[in-house]
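The values are calculated or read from the model by the stated rules, or taken from the named source; none is laboratory data. A quick note: this is a predicted structure, and the numbers were derived from the prediction, not measured. Neighbour counts run over all protein chains shown; Cβ positions are idealised from the backbone, glycine included.
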Amino acid sequence: MNAMLFAASVGVPFLLWVAACVPAWRRTVALTLPIAPLPALAAAMLSSPGTSVPVPWLMLGGTWALDGTRRPLLAAMALVWCIGGWFALESPSLATKRHAVAWPWLFSLTGNLWLALATDIGGFYSGFAMMSFGAYALIMLGDGVHTRAAGRLYLIYTVIGEMALLGGLLAASIAGAGNQLGDVPSAVAASPHALWITMALLVGFGVKAALFGVHGWLRMTYAMAPAPVRVVLGGAMINAGVLGWLLTLPIGLTTLDPLGPWLIVLGLFAAIYGAARGVPLGYAPFVLGWSSVSQMGLITVLLGAALASGNSGFIPVITLYAAHHGVAKGALFAGSDETLSVRPAYRRWLLLPALALAGAPFTSGAAAKLSMKAEFAMIELTWADPWLSVAAVGTTLLMVRVFWSTERMAGEAMRTPLSWWLALGSVATAVWWLPLAADVQSGASYLVTLGWPIAAGVALGALAWSRHTPRPTVFGERSAIQSVDVQVPAKSKDSDVSPRPVSTAGAERASAWDARLRSAIPVLLGVVLLVVVAALMTHAT
Amino acid sequence: MIASFLPLWVLASSLVPAILIFLLPEQQRGARTALNLTAAVLKLVLVAIMTWGVAQGTVYEVRFAMVPGADFILRADAMACLFAGLSALLWFFTTVYAIGYLEGAPNRSRFFGFFSLCVASTMGIALSGNLITFLLFYELLTLSTYPLVVHRGTEKALAAGRVYLRYTITGGAALLLGIAVLYSLVGDVEFLETGSLRSVPESAWPQLRIAFALMIAGLGVKAALVPLHGWLPQAMVAPAPVSALLHAVAVVKAGAFGIVRVVYDVYGIEFARQLALLTPLMIVACATILWGSVRALAQTDLKRRLAFSTVSQVSYIALGVSLFGPLGTIGGLVHLLHQGIMKVTLFYCAGNFAETLGVHDIRELDGAGRRMPITSTAFTIGAFGMIGVPPLAGFVSKWYLGLGAFEAGMPWVLGVLIVSSMLNAAYFLPIVHRLWFRPIAGAWPEEHTFGRFETSAWFLVPTIATALFTVGAGLFAGAPFSPLEWAMLITRREYLP
């Protein structure tokens, strides 16, 4: 059963990808995007602990397994891929590109799930590369005038990241890890070059995980990629980078003295700088992009603290934080799709993931934040506290800004995407299904601790909102914003993007099937989601 | 009896067809095609049987005296099977490709005759059991490839042919001289696993070093080591299947294989290190890797870019050889196969683009992925393989070379690998981008249609097959008889216990 789940996790998306290689099947295969990650989700939820499936014939040989770090992150990633895949079918930004999206989507997805399960270096690295390079094709689905430039930037950073990874993993492998990813941290810790190897791995995975300094691709890419692609880039793939960090860095095994404190400083700076850069912007994906830099800054702080203190208790905290951030950010990206015109009332539901990200009481963000604080208190990292509070206010401001900028987008009535409800549901229930270290508490001090940065942020934001009309022109990002504003989604630059001419009878039949399947998928997914969430809740308790 | 003559049968399976094809009249297309394909399949089967035997520990040997003091030796050991296997496999596909490519062209008898002669020489090189036999086939290879390079008979082709001859004959002379120096010291040198020169007294070491330098220089011409690589980019005027062959199997690989033989089976890797021969070779290899990549960046002609890429990539083999330690050896040897498979794919694709769309320049490739998706996919696989992106074949090579660099205590070599990979990305990824993400610019320069498929099935089948091998060699690197496993087997036999 467990072995089957693992095999299906990677096998199902892979086989669907193979099917997507046949041009005639592509449009049909695209309909399976929301369900392709379900086996992985099931594996994350249902497989018994300690399961490992040997795959000696794959790459240099290895096994697939889940542990306490992989499991929640895999769950979050699979869920975000699920939401993104469904959203890809609903978002008008990809409406004319249904045939083009399946192939790169499933390719990236397969890579992402492979890396989440692979315990061998070869498999993990392969999955990571598949995911990264597949994402380039996804980004290139965008219609903006700067899409090509954004893709190029992404590719350059990706190649740099891959090379840093190659160096880091090779050094770790020769230092004693062989082909076993699980042995990398101890090998790195024991190596005389621990510092260098750690830095290579930090940068290598950091490109994906928006580490400050190698985050340069993020803003442009998020702005230019179609909204469903943003969902998976900012919600799932970003966590692949975090997972890479957690699995390879020598956390708890050694204290990398010069590096740890520096990372804390870098992370704090990124957390505040990201907020400062994002708040003045008027285009939601930009704001969310900077929010990712800011949030990943906080994860960098945690990582730095872990490396400085040699305390492995940070691993579950980072896992939790990353998983929570991925799901919330995925929902935010879905909700702020500028090609989607839903009634403002529905848009207001953005409040939920925004509050979660800001760490409001009773959300997954609150739990993530409290466990972070608890861990900081344990290693007595008190000097960072005020800065963390500033970052928290900044996050709230960013969320206010997202609201502000999406307010303009809210156009005429249109059916609310069903995937949006899935996204909201995932965020709302995250506090149950993520293995939260700190329990949701109650009481005045709990509300005050969590509430004051939000209150401050909202107050500041409201003040600014009442005084200014939004103007999307800051820091030279005007041109990109304008180009996004004026683009016409239905008409792309390539005439060949439109479907190939086929005989009308076939096309009608296909579209009839399409419609039938489309109407069936939501129901199917709804049922599956209910089952999964129910399973999760019992699992969590 | 039949089994022990196996190396001879392997050689004959292309030598005999060569002669028969020369005898066939030009218009006998069917007979020639049948002969070509039968011979290629037969050779594949024979090499497979031979490889199976060698894996079980059998050594096949045919030996007779040519002149007193110098034997003609054909011997199938693990190393020989590595190269013979690669040649037989790619030969089969290239023959298929060439049959389609030359449909309706003049002088096909001549072409296929020399084509088969060329594979016979390559097989001879693979199976040679001593330096003299090796030299014989090495020279035969030069002579049999010249008519292929100048096959089109244009002014440019003839000029390239002259350059080719000038380089390779000089190289052959250097090799001959090196062998002569060695012969004067120890007589006829046989290829033996772990080498055979260890017993040479220390007083003769300077001569050994001179002989090594001469032989490497001679082999380096064919292996396109900088600064001896000048002929290779010019020789790409040859027809596509010939380029595929020169770059992947025959000429360039013969040089690289020669270097492998000299280091491992003449000197022995451990003795070579004792003589301090490895470091200079490594420096040359690193320089070639970087220089080839830098030059490739500047090319706008697809085949020329691929040619400079070959210059760079083939030196990975020399690099692996010069890194002392089993992991470096594995990396070098496995790249001998992997580079062949990947580069042949890329050249097939270049040929497909040229023959179907009339595209030679990289800038004309915009949107070709929509017109020719299969070829473009194969090209993408080959390009990513060359960059060394996992899980493709090139990654396995690079991984072991990198491990080898650490093992040999030379982590700076990793820097060379990384810079080279980045350069590879810089000159391959823009092509991939053009294929898939640019709109078609307008009419193709010279478009041909070939029935049902995007191009002739004769072109497509070999392209798909080698692209699949590129994926398989990486994805299933741990499977029995994979290139990696075979390289490991050789490595186990090459290091002193």
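Yes or no, residue by residue, for (1) of a type outside the set (Asp, Glu); (2) within 28 Å of the chain's Cα centre (by Cα); (3) over 30 Å from residue B:324 (Cα atoms):
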{"site": "B:446", "(1), (2), (3)": "no, no, yes"}
{"site": "B:456", "(1), (2), (3)": "yes, yes, yes"}
{"site": "B:459", "(1), (2), (3)": "yes, yes, yes"}
{"site": "B:471", "(1), (2), (3)": "yes, yes, no"}
{"site": "B:476", "(1), (2), (3)": "yes, yes, no"}
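Might you let me know whether region A:107-115 holds any residue that is surrounded by 24 or more Cβ atoms within 10 Å (Cβ to Cβ), away from chain B (no Cβ under 13 Å), hydroxyl-bearing (Ser, Thr, Tyr) and under 26 Å from residue A:169 (Cα atoms)?
yes
Looking at (1) buried (at least 17 other Cβ atoms within 10 Å of the Cβ); (2) facing chain A (nearest Cβ under 10 Å), can you tell me which one residue B:439 breaks?
(1)
Return the total of residues in region B:179-235 being part of a loop (DSSP other than H, G, I, E, B), modelled with pLDDT of 90 or more and charged (D, E, K, R).
0
What are the residues in region A:56-89 that are under 23 Å from residue A:427 (Cα atoms) and hydroxyl-bearing (Ser, Thr, Tyr), if any?
The one that is under 23 Å from residue A:427 (Cα atoms) and hydroxyl-bearing (Ser, Thr, Tyr): A:69.
Taking region A:116-138 as the search range and keeping residues that are more than 10 Å from chain B (Cβ to nearest Cβ) and in a helix (DSSP H, G or I), which one is farthest from residue A:182 (Cα to Cα)?
Per the stated criteria, the residue is A:138.
For region A:300-318, check the following and say yes or no: at least one residue is surrounded by 24 or more Cβ atoms within 10 Å (Cβ to Cβ), touching a residue at least 60 places away in the same chain (Cβ under 8 Å) and among the hydroxyl-bearing types (Ser, Thr, Tyr).
yes
Is it the case that region B:380-388 has a residue that's closer than 30 Å to residue A:192 by Cα, crowded, with 16+ Cβ neighbours inside 10 Å and not β-branched (Val, Ile, Thr)?
There is at least one residue in region B:380-388 that is closer than 30 Å to residue A:192 by Cα, crowded, with 16+ Cβ neighbours inside 10 Å and not β-branched (Val, Ile, Thr).
Return the only residue of B:420, B:397, B:456 being within 11 Å of chain A (Cβ to nearest Cβ) and surrounded by 19 or more Cβ atoms within 10 Å (Cβ to Cβ).
B:420
Can you pull out every residue in region A:321-340 that is more than 23 Å from residue A:92 (Cα to Cα) and of a type in the set (Phe, Trp, Tyr)?
A:321
Residues that are within 18 Å of residue B:297 (Cβ to Cβ): list the helices (runs of 4 or more DSSP H) wholly contained in region B:346-435 that include at least 3 such residues.
Passing ranges, in order: B:373-387.
Here's a check for you: in region A:30-42, which residue that is assigned to a helix (DSSP H, G or I) and touching a residue at least 60 places away in the same chain (Cβ under 8 Å) is nearest to the other protein chains (Cβ to nearest Cβ)?
Ranking the candidates gives A:30 first.
If we scan region B:381-389, do we find a residue that is more than 9 Å from chain A (Cβ to nearest Cβ), more than 17 Å from residue A:170 (Cα to Cα) and out of contact with any Ser or Thr (no Cβ under 8 Å at 6 or more places or on another chain)?
yes
Checking the conditions here, which among A:124, A:128 is touching a residue at least 12 places away in the same chain (Cβ under 8 Å) and more than 22 Å from residue A:325 (Cα to Cα)?
A:124
From (1) touching a Leu at 6+ places or on another chain (Cβ under 8 Å); (2) surrounded by 24 or more Cβ atoms within 10 Å (Cβ to Cβ); (3) at the interface with another protein chain (Cβ under 10 Å from one of its Cβ atoms), pick out the condition that doesn't hold for residue A:162.
Only one criterion is unmet by residue A:162, namely (1).
From (1) within 11 Å of another protein chain (Cβ to nearest Cβ); (2) buried (at least 17 other Cβ atoms within 10 Å of the Cβ), pick out the condition that doesn't hold for residue B:409.
(2)
Among the listed residues A:276, A:323, which satisfies the condition of being in a helix (DSSP H, G or I) and surrounded by 24 or more Cβ atoms within 10 Å (Cβ to Cβ)?
Only one candidate passes the filter, namely A:323.
For region A:44-61, give me each residue that is on the phi < 0 side of the Ramachandran plot, in contact with a helix residue (DSSP H, G or I) (Cβ under 8 Å, 6 or more places away or on another chain) and within 14 Å of chain B (Cβ to nearest Cβ).
A:55, A:58, A:60
Does region B:43-94 hold any residues that are part of a helix (DSSP H, G or I), among the aromatic types (Phe, Trp, Tyr) and either under 25 Å from residue B:262 (Cβ atoms) or at pLDDT below 90 (or both), and which are they?
If the condition is that a residue be part of a helix (DSSP H, G or I), among the aromatic types (Phe, Trp, Tyr) and either under 25 Å from residue B:262 (Cβ atoms) or at pLDDT below 90 (or both), then B:83, B:91 are the ones that fit.
Go through region A:55-88 and give me each residue that's within 19 Å of residue B:391 (Cα to Cα) and among the aliphatic types (A, V, I, L, M).
Passing the criteria: A:55, A:58, A:59, A:60.
Could you list, in sequence order, all residues of region A:373-383 that are more than 26 Å from the chain's Cα centre (by Cα) and either among the small types (Gly, Ala, Ser) or crowded, with 17+ Cβ neighbours inside 10 Å (or both)?
Within region A:373-383, A:377, A:381 meet the criteria.
Would you confirm, using the coordinates I've provided, whether residue B:457 is farther than 21 Å from residue A:104 by Cα and in contact with a strand residue (DSSP E or B) (Cβ under 8 Å, 6 or more places away or on another chain)?
yes
Here's a check for you: in region A:202-246, which residue that is among the β-branched types (Val, Ile, Thr) and surrounded by fewer than 24 Cβ atoms within 10 Å (Cβ to Cβ) is modelled with the highest pLDDT?
Among those residues, the one meeting the criterion is A:203.
Checking residue B:267 against (1) under 30 Å from residue B:206 (Cα atoms); (2) out of contact with any Gly (no Cβ under 6 Å at 6 or more places or on another chain); (3) modelled with pLDDT of 90 or more, which single condition isn't satisfied?
(2) is the only condition that residue B:267 fails.
In region A:175-188, which residue that is buried (at least 20 other Cβ atoms within 10 Å of the Cβ) and out of contact with any strand residue (DSSP E or B) (no Cβ under 7 Å at 6 or more places or on another chain) is nearest to the other protein chains (Cβ to nearest Cβ)?
A:175
Among the residues in region A:66-89, are any among the aliphatic types (A, V, I, L, M), away from chain B (no Cβ under 14 Å) and surrounded by fewer than 20 Cβ atoms within 10 Å (Cβ to Cβ)?
Looking for residues that are among the aliphatic types (A, V, I, L, M), away from chain B (no Cβ under 14 Å) and surrounded by fewer than 20 Cβ atoms within 10 Å (Cβ to Cβ), one finds none in region A:66-89, hence no.
Residue A:149: out of contact with any Phe, Trp or Tyr (no Cβ under 8 Å at 6 or more places or on another chain), in a helix (DSSP H, G or I) and more than 9 Å from chain B (Cβ to nearest Cβ), yes or no?
So residue A:149 fits the description; yes.
Would you confirm whether any residue within region B:75-93 is in contact (Cβ under 8 Å) with a residue 40 or more places away in the chain, under 13 Å from residue B:11 (Cβ atoms) and of a type in the set (D, E, K, R)?
For region B:75-93, residues in contact (Cβ under 8 Å) with a residue 40 or more places away in the chain, under 13 Å from residue B:11 (Cβ atoms) and of a type in the set (D, E, K, R): present.
Name, by its number, the condition in (1) crowded, with 20+ Cβ neighbours inside 10 Å; (2) within 10 Å of another protein chain (Cβ to nearest Cβ); (3) among the aromatic types (Phe, Trp, Tyr) that does not hold for residue A:196.
The number of the failed condition is (1).
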